[in-house]
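I have placed the structure first, in the form of structure tokens, so that the comments after it can refer back to it.
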Amino acid sequence: MTDLASINLVDSDTLECPFPAYRTLREQAPVYRMPQTGFWVVSRYDLVMEAVRDTATFSSQINQASSAGGHPEVAALFQQEGVPFASTLISADPPEHTRYRSLVNRAFTAGRVRGMQGYIQQIVDELIDGFIADGEVEFVADFAIKLPIYIIADQLGVPRSDMQKFKDWSDASVPIGLDIGKDAELARARLVIEFQKYFLERIEERRHAPKDDILGDLVAARLEDGRPLNGSELLSIIQQLLVAGNETTTNALAAGMVLLIENPDQLALLRAGDDKTMRTFCEEVLRLEAPVAGLFRVTTRDTVLGGTEIPAGALVNLRWAAANRDERVFENPDALDVCRRNAGAQIGFGVGVHFCVGAMLAREEMFLGFKTLLRRLDNIRLVSEADTRAHHANFILRGLKQLRLAFEPAEAARAAE
Ligand code: HEM
């Protein structure tokens, strides 16, 4: 366990492996004001649940990106050249949140995602076809990034040939939760403005020629008062679908491969197991390596959480990643267990009104992705162990920079037996 006084969750070594620090926080200070940043961190499962359900006290009306800085020049640049973002889903509270949420809920229901299985399977197979003959792959670039980005591009109804732009815009929009300095923030803002211009054009196209895709649905949608979404609201929703659906699923796929390689006994159980075991494995990946490590709320009034007083106006980070390893809820919490009975209690997709819109889609991408990779590749191994210890420096999202894997194609391996 780490010493409480030495804990600094935004320090680069701790970002790389935060789990011992989370344990100390859960034990000694489950509602903790970090002296280095001034914001609060909630790390115990029951307390994260309590806070997330009290949306009147723990409000989402903050700009996740600005929670660690926010230079005035960036706001000015948006004012001059871009479109100021409306507060829609992730940064809205009920009742405004409910209005927007009801419009996007229809996009990724369980039924709709079930209907997408064949289509997701096809993309998974095409991606594997692209590298299987090589016997090695940089898994992040050639599988984990492409799968979710192809799918969200198709769903939004924009060409896959624009994928690199998507990726750049998505990266520029990802909340970091660290002060990266004015120049870096301005560079990110310019990319976001490019994204806005691109989608404003696509929105105009849909207005003149309606299309049966999510973008078309959003342009045609009407709020309760009969008014259509304006450009700023549309951009805010599209940006969230693009960002929330990309980096997160990418990170889950890469983290899952590492967990499999590091736990050969569990891999054997998974290979011998059924679809239910595979679904449990997906929950375990989200529990152990929560790709969204934690998100901010701001307190609307003085409050008490877990016996600790928090003043009004405080930034509070609800740490899903720490709650997901709470020994009060999960037995032997640091271990991967593909037969864990309560794996589904993990809260990597959040809880309550903001529960992830894309959870069903992400689960299906993971399920079909891992299942097919294990069917088609044998003897999957790391090219360099160092890859597993190099995550992006990001306080909000946790993800590997790269993951070089070697393997034998399963068909060839069997034929040689
Ligand atoms: C493994 C992949 C994913 C993870 C771990 C994840 C995680 C999360 C979490 C923790 C939240 C809660 C936000 C909060 O409480 O403030 C959230 C919300 C959201 N997610 Fe995901 N997500 C994933 C994939 C996706 C996908 C594929 C999409 C879209 C296609 C998506 C779209 C959204 C949106 C729009 C919200 C905001 C919902 C709201 O505020 O009502 N996510 N996600």
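The values are calculated or read from the model by the stated rules, or taken from the named source; none is laboratory data. Small disclaimer: the values here were computed from a predicted structure and weren't measured. Reconstructed Cβ throughout: ideal geometry from the backbone, glycine too, with neighbour counts over all protein chains shown. Accessible surface is based on the protein model in full, side chains and every heavy atom, while ligands, DNA and RNA are left aside. Shrake-Rupley method; radii C 1.70, N 1.55, O 1.52, S 1.80 Å.
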**Message:** Checking the conditions here, which among 113, 137, 124 is open to solvent by less than 40 Å² (accessible area, probe 1.4 Å) and not in a helix (DSSP H, G or I)?
**Reply:** 137
**First in the stretch 230-250 and more than 18 Å from residue 291 (Cα to Cα), second anywhere and within 9 Å of the ligand (Cβ to nearest atom) and modelled with pLDDT of 90 or more, Cβ under 7 Å, 6 or more apart** = 233/88; 236/88; 237/88; 237/89; 237/100; 237/104
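Table: residues versus (1) in contact (Cβ under 8 Å) with a residue 24 or more places away in the chain; (2) farther than 17 Å from residue 177 by Cβ; (3) crowded, with 17+ Cβ neighbours inside 10 Å; (4) among the β-branched types (Val, Ile, Thr).
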{"position": "13", "(1), (2), (3), (4)": "no, no, no, no"}
{"position": "19", "(1), (2), (3), (4)": "yes, yes, no, no"}
{"position": "24", "(1), (2), (3), (4)": "no, yes, yes, yes"}
{"position": "39", "(1), (2), (3), (4)": "yes, no, yes, no"}
{"position": "46", "(1), (2), (3), (4)": "yes, yes, no, no"}
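Quick check on the stretch 56-65: of everything there that is out of contact with any His (no Cβ under 8 Å at 6 or more places or on another chain) and assigned to a loop (DSSP other than H, G, I, E, B), which residue is modelled with the lowest pLDDT? First the steps, then the outcome.
Step one: list which residues in the stretch 56-65 are out of contact with any His (no Cβ under 8 Å at 6 or more places or on another chain), which gives 56-59, 61-65.
Going one step further and asking which of them are assigned to a loop (DSSP other than H, G, I, E, B), we end up with 56-57, 61-63.
Numbers: 56: 97, 57: 98, 61: 93, 62: 83, 63: 57.
Once the filter is applied, the top-ranked residue is 63.
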**Fill in**
Selection over the stretch 93-104 where residues are near the ligand (Cβ under 10 Å from one of its atoms) and open to solvent by 70 Å² or more (accessible area, probe 1.4 Å) yields a count of 1
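Please count how many residues of the stretch 341-368 are near the ligand (Cβ under 6 Å from one of its atoms), of a type outside the set (Gly, Ala, Ser) and out of contact with any Phe, Trp or Tyr (no Cβ under 7 Å at 6 or more places or on another chain).
Taking the stretch 341-368 as the starting set, the residues that turn out to be near the ligand (Cβ under 6 Å from one of its atoms) are 348-350, 354, 356-358, 361-362.
With of a type outside the set (Gly, Ala, Ser) added as a condition, the list becomes 349, 354, 356-357, 361.
Okay, now just the ones that are also out of contact with any Phe, Trp or Tyr (no Cβ under 7 Å at 6 or more places or on another chain), so 354.
Qualifying residue count, the stretch 341-368: 1.
Residue 143: open to solvent by less than 20 Å² (accessible area, probe 1.4 Å), touching a strand residue (DSSP E or B) at 6+ places or on another chain (Cβ under 9 Å), farther than 28 Å from residue 9 by Cβ and within 15 Å of the ligand (Cβ to nearest atom), yes or no?
Values: open to solvent by less than 20 Å² (accessible area, probe 1.4 Å): yes; touching a strand residue (DSSP E or B) at 6+ places or on another chain (Cβ under 9 Å): yes; farther than 28 Å from residue 9 by Cβ: yes; within 15 Å of the ligand (Cβ to nearest atom): yes.
The answer is yes for residue 143.
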**Message:** I need every pair where a residue in the stretch 116-139 that is without any contact (Cβ under 8 Å) to a residue 40 or more places away in the chain has its Cβ under 7 Å from the Cβ of a residue that is open to solvent by less than 40 Å² (accessible area, probe 1.4 Å), sequence separation at least 6 or different chains.
**Reply:** 123/147; 123/151; 127/143; 127/147; 131/137
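Got a sec? Which of 51, 68 is modelled with pLDDT under 95, under 30 Å from residue 29 (Cβ atoms) and surrounded by 19 or more Cβ atoms within 10 Å (Cβ to Cβ)?
Details: 51 fails: modelled with pLDDT under 95.
Going through 51, 68 in turn, the sole match is 68.
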**Asked** If you take just the helices (runs of 4 or more DSSP H) that sit entirely in the stretch 170-280, which of them hold at least 1 residues that are loosely packed, with under 14 Cβ neighbours inside 10 Å?
**Response** 182-208, 231-262, 264-272
**Item:** Boolean, residue 164 is of a type outside the set (A, V, I, L, M, F, W, C) and open to solvent by less than 20 Å² (accessible area, probe 1.4 Å)
**Value:** no
